[in-house]
Amino acid sequence: MLKLTLKCMIVTLAIVVFASCKATLFGGGIGNVVETRVELSQANFKVLGSFIGVATAKKSQISVKGDAGLVALAKADLLQKAKAAGIELSGSKTLINVTIDQVENKDRITVSISADIIEFNK
């Protein structure tokens, strides 16, 4: 009887330990939501810099809290870092080569956006 109880306790403990484990998930995307096709016959632009914006949130069992999504917050962080470097998105400046990465585990979700900022010559 004692051996059976001990075995049951070990099996139950193993189930609890392995059931509570969750792998970290990685995801990402490259591209634009609205795509504009530009064919350049000459280099009529200059690259102003490459920037990365990051946003992280704790994850509850119900949802991620906040008014804006993490992608929007990461983009705002990217634009803030560009502004701190003296580059604002205005006029003929735009983001290119936009990449979105997402890392998720049982406690947190982190989104990072990287992009180059270019300016077209006038």
Only residues that are free of Cβ contacts under 8 Å to residues at least 24 places away in the same chain and surrounded by 14 or more Cβ atoms within 10 Å (Cβ to Cβ): list them for the range 79-96, please.
-> Leu95
Select from the range 98-113 the residues that are without any contact (Cβ under 8 Å) to a residue 60 or more places away in the chain and under 15 Å from Leu73 (Cβ atoms) and write down the one among them that is surrounded by the most Cβ atoms within 10 Å (Cβ to Cβ).
-> Val111
Given the conditions (1) modelled with pLDDT under 90; (2) assigned to a loop (DSSP other than H, G, I, E, B), and given that Asn97 satisfies all but one, which numbered condition is not satisfied?
-> (2)
Since Phe18 meets every condition but one in (1) at pLDDT below 65; (2) of a type in the set (Phe, Trp, Tyr); (3) surrounded by 11 or more Cβ atoms within 10 Å (Cβ to Cβ), which condition does it not meet?
-> (3)
Looking across the range 45-67 at residues that are assigned to a strand (DSSP E or B), at negative phi and not hydrophobic (A, V, I, L, M, F, W, C), the single one that is modelled with the lowest pLDDT is Lys58
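The values are calculated or read from the model by the stated rules, or taken from the named source; none is laboratory data. Quick caveat: nothing in here was measured; it's all calculated off a predicted structure. We place every Cβ from the backbone using ideal geometry, glycine too, and count neighbours over all the protein chains shown.
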